[in-house]
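These notes are about the structure you will find just below.
The values are calculated or read from the model by the stated rules, or taken from the named source; none is laboratory data. All values derive from a computational prediction rather than experimental measurement. Neighbour counts are summed over all protein chains in view; Cβ atoms, including those assigned to glycine, are modelled from backbone coordinates with ideal geometry. Keep in mind that these areas ignore ligands, DNA and RNA; they rest on the heavy atoms of the full protein, side chains included. Shrake-Rupley method; radii C 1.70, N 1.55, O 1.52, S 1.80 Å.
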Amino acid sequence: RESALPWLLGIADRLLSNTRRRLRRAEALLHRLVSHDEPVGDHADRVAGLVDDARRMSQIHRALARLPRHEREVVELCMWSGLDQQAAAAALGVAVGTVKSRLHRARRRLGADLAGGPTVATSSSSKNPVTAEEVAR
């Protein structure tokens, strides 16, 4: 116990080991985060993609708002909330077949609306789809 040198060398050795280990872990993390196989994309392309996604989402929201309330409720429960058709039927107090038919009609209307095709509506006297041109007549 005459010298503190062995104790100081032991502490320095542990500090060096911890530092090396920390640097190896940081390098491994950096390697996982930045894939060197893929070329680095342009930031403007990513921002443009985000803007396009936001524009498309607003189109989807507008198309959903144009759906009849009973169809919109089924879409919100089944597609956005992740409920299955039986759970949606129980939540709405209707039969499962009603949920299936409403979901089918809603998907058809949304597809036509988002694709820019003719708007599909159903007449009050029949369950057959009616295009916007037929409604105008």
Given the peptides 56-69, 12-25, arrange them by the average over their residues of other C-beta atoms within 10 Å, most packed first. 56-69, 12-25
Set the Förster radius R0 to 35 Å, insert the Cβ-Cβ distance between ARG62 and VAL96 as r into 1/(1 + (r/R0)^6), and round the FRET efficiency to 0.05. 0.75
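Leaving out ligands, DNA and RNA, and with a 1.4 Å probe, what % of the accessible surface on the stretch 52-97 is carbon or sulfur?
On the way: 1500 of 2900 Å².
Percent of accessible area from carbon and sulfur atoms in the stretch 52-97: 52.
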